[in-house]
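Peer 1: My questions all concern the structure below.
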Amino acid sequence: MMGNFLFLATSEGGGFGLNTDFIEANLVNLVLVLIFVFVFGRKLLTEILTERRLAIETAIKDTEARQKQAISALEVAKKNLAQAQTEAENIRKTAVTSAANAKAEIAAKAAADIERMQELAAANTNTEQDKAIAELRARVTKLAMERAEAQLKNLLNDSAQAQLVDRSIALVGGK
């Protein structure tokens, strides 16, 4: 029964038939496949496994390199963030100082403008007061002249006027 190791085997009559002893046939088939894989597939299997191992090692190295780059980039980003926060704080402080300075400058300018306006108003008041006083003086002088002329007309008659003219001429001529 040497020829009975496969499913199809030679029958005792010299023909092919079906081997009904599955365990024996499977065991023989399994040994044959293992021998075939060991003899012919060992080199191929070794190459495939070696390539797979190298690919895994390369992937691990690449991942570690990317991890180092990511850590480095994270550190740079943290430094940049710290610098940006410091710069933002400096800008905020500068803005607060500038705002305070601008507020003080505006307040000082407003105070100076108010003082200037008060001085201008006082000057205008004084000017208007001087104008009013001058106008009053002119009116008083005009009224006084009108009254003096009126009194002179009443007091001076023709003879008194002639005497006044004669005295004035004598005074002017005697000099």
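Peer 1: Return the lysines within reach of LYS93: Cα separation strictly under 26 angstrom, same-chain partners fewer than 8 residues apart disregarded; answer none if there are no such residues.
Peer 2: LYS78, LYS79, LYS103, LYS109
Peer 1: Right, something else. For the chain, give the percent of accessible area contributed by carbon and sulfur heavy atoms, probe 1.4 Å, rounded to a whole number.
Peer 2: 64
Peer 1: Another question, if that's okay. Mind checking which of ALA88, ASN29, ALA132 is farthest towards the positive end of the chain's charge dipole, using Cβ charges of +1 (Lys, Arg) and -1 (Asp, Glu) about the Cα centre?
Peer 2: Value: ALA132.
Peer 1: Using a cut-off of 14 Å between alpha-carbon atoms, which aspartates and glutamates can reach LYS43, once sequence neighbours fewer than 8 places away in the same chain are excluded?
Peer 2: Within the straight-line cut-off, LYS43 pairs with GLU51.
Peer 1: For the chain, what number results from the quotient of the Cα radius of gyration and 2.2 N^0.38 Å?
Peer 2: 4.24
Peer 1: Let me ask something else about it. Looking at the chain as a GNM with Cα springs under 10 Å, which of ASN80, ASN124, ASN157 has the largest mean-square fluctuation?
Peer 2: Maximum among the listed residues: ASN157.
Peer 1: Angle check, please: helix 158-173 long axis (alpha carbons) against the longest principal axis of the chain (alpha carbons), in degrees 0 to 90, nearest 10.
Peer 2: Its long axis makes an angle of about 80 degrees.
Peer 1: Per residue, what accessible area does the chain have, given a 1.4 Å probe and all protein chains present, in Å²?
Peer 2: Each residue of the chain exposes 90 Å² on average to a 1.4 Å probe.
Peer 1: Select from LEU45, LEU120, LEU155 the residue whose mean-square fluctuation is largest in a Gaussian network model of the chain (Cα-Cα springs shorter than 10 Å).
Peer 2: Of the options given, LEU155 has the highest mean-square fluctuation.
Peer 1: Can I ask one more? Could you tally the net charge around LEU136, taking each other residue with its Cβ under 15 Å from the Cβ of LEU136, Lys/Arg +1 and Asp/Glu -1?
Peer 2: +1
Peer 1: Work through the residues other than MET145 whose Cβ is under 14 Å from its Cβ and net out their charges, Lys, Arg +1 and Asp, Glu -1.
Peer 2: With Lys, Arg at +1 and Asp, Glu at -1, the neighbours total +3.
Peer 1: Next up: Compute the long axis of helix 42-155 from its Cα atoms, compare it with the longest principal axis of the Cα atoms of the chain, and write down the angle in degrees, 0 to 90, nearest 10.
Peer 2: For 42-155 against the chain, the angle is about 10 degrees.
Peer 1: Using a Cα-Cα cut-off of under 17 Å, which lysines could be cross-linked to LYS153, ignoring same-chain neighbours fewer than 8 residues away?
Peer 2: The qualifying lysines are LYS142.
Peer 1: OK, next. By the scheme Lys and Arg +1, Asp and Glu -1, what is the net charge of all other residues having a beta-carbon under 14 Å from that of ALA99?
Peer 2: Result for the local shell: +2.
Peer 1: Full extension from ASP158 to ALA111: what is 0.36 nm times the residue separation minus their Cα-Cα distance, to one decimal in nm?
Peer 2: 9.9 nm
Peer 1: Right, another one. What's the magnitude of the charge dipole for the chain around its Cα centre, counting Lys and Arg as +1 and Asp and Glu as -1 at the beta-carbon? Answer in Debye, nearest 20.
Peer 2: I would put it at about 1040 debye.
Peer 1: Counting helices only, and only those DSSP H runs with n ≥ 4, report the 222 nm mean residue ellipticity of the chain as the sum of -39,500 (n - 2.57) divided by its residues, in deg cm²/dmol to the nearest 500.
Peer 2: -31000 deg cm²/dmol
Peer 1: Something else about it: Nearest 10 degrees is fine. How inclined is helix 22-36 to the longest principal axis of the chain, computing both from alpha carbons?
Peer 2: 60
The values are calculated or read from the model by the stated rules, or taken from the named source; none is laboratory data. Fair warning: this is a prediction, and the values are worked out from it, not measured in the lab. Neighbour counts run over all protein chains shown; Cβ positions are idealised from the backbone, glycine included. For the accessible areas, the whole protein counts, side chains as well, though only heavy atoms, and no ligand, DNA or RNA atoms are used. Shrake-Rupley method; radii C 1.70, N 1.55, O 1.52, S 1.80 Å.
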